[in-house]
Amino acid sequence: MSDYELTGTRVEVLRHIPYGIHIITTRDHEGLHAASVSWVMQVSFEPTRLAVALRTPSRILQHVLNSQVFALNLIGREQADMAHAFFRYTHAGFDQDTLNGYRCRPGETACPLFVEAAAWIECQNVCTIQDCGDHTLIIADVVEVGMRPGAFVPLDLWESPWSYGG
């Protein structure tokens, strides 16, 4: 045996990879759509691109693929209730200016942007990598970003009462 002892399971170790908790939104011919997501990362400087992994049979994935646009609403550490409100997929009609009680406005891509979100990133031109197991990796160009005044600390999955991974 070496000078360290191996401990932990695959699930425990994989859950230590740092992720934020965000809310993805989109808009298509059926209305407004939203869900909490955590597997997100920047994958290119030029052009600026993001990747998001979405569960393959999910409704949010189908609506993002239909519309070819989405927004990531970044939420702060103090906004855990907001993240929790979207753990289940949410749908609303076009005439709505709230989703699950949170006010939103249309962004440049017409995707809902939450007024209370600490920051947001709008993306378009979605492409996918579908042979990734139980999730589909979507990659898209960043077209617009914004942030409310003041610094914020993102809501981190590890520091939250929830887990997703392993």
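Every read-out reported here was derived from the displayed coordinates using simple, explicitly stated rules and does not represent laboratory data. Note that the coordinates shown come from a computational prediction; the quantities given were computed from them, not determined experimentally. Positions of Cβ are generated from backbone atoms using ideal geometry, with glycine treated the same way; all protein chains shown enter the neighbour counts.
Set the Cα radius of gyration of the stretch 18-67 against 2.2 N^0.38 Å, with N its number of residues, and you get 1.21.
In nm, what is the difference between 0.36 nm times the number of residues separating SER44 and VAL11 and their Cα-Cα distance?
Working it through step by step, the gained length comes to 9.0 nm.
With N counted as the residues of the stretch 1-146, its alpha-carbon radius of gyration over 2.2 N^0.38 Å works out to 1.13. Among 125-135, 20-30, 71-81, 99-109, sorting by the average number of other beta carbon atoms lying within 10 angstrom of each residue, highest first, gives 20-30, 71-81, 99-109, 125-135.
When you restrict to C-alpha pairs under 8 Å that are six or more residues apart and normalise by the size of the chain, the relative contact order lands at 29 percent. Just checking the listed ones, PHE70, PHE45, PHE87: in the Gaussian network model of the chain with Cα springs under 10 Å, the one fluctuating most is PHE45.
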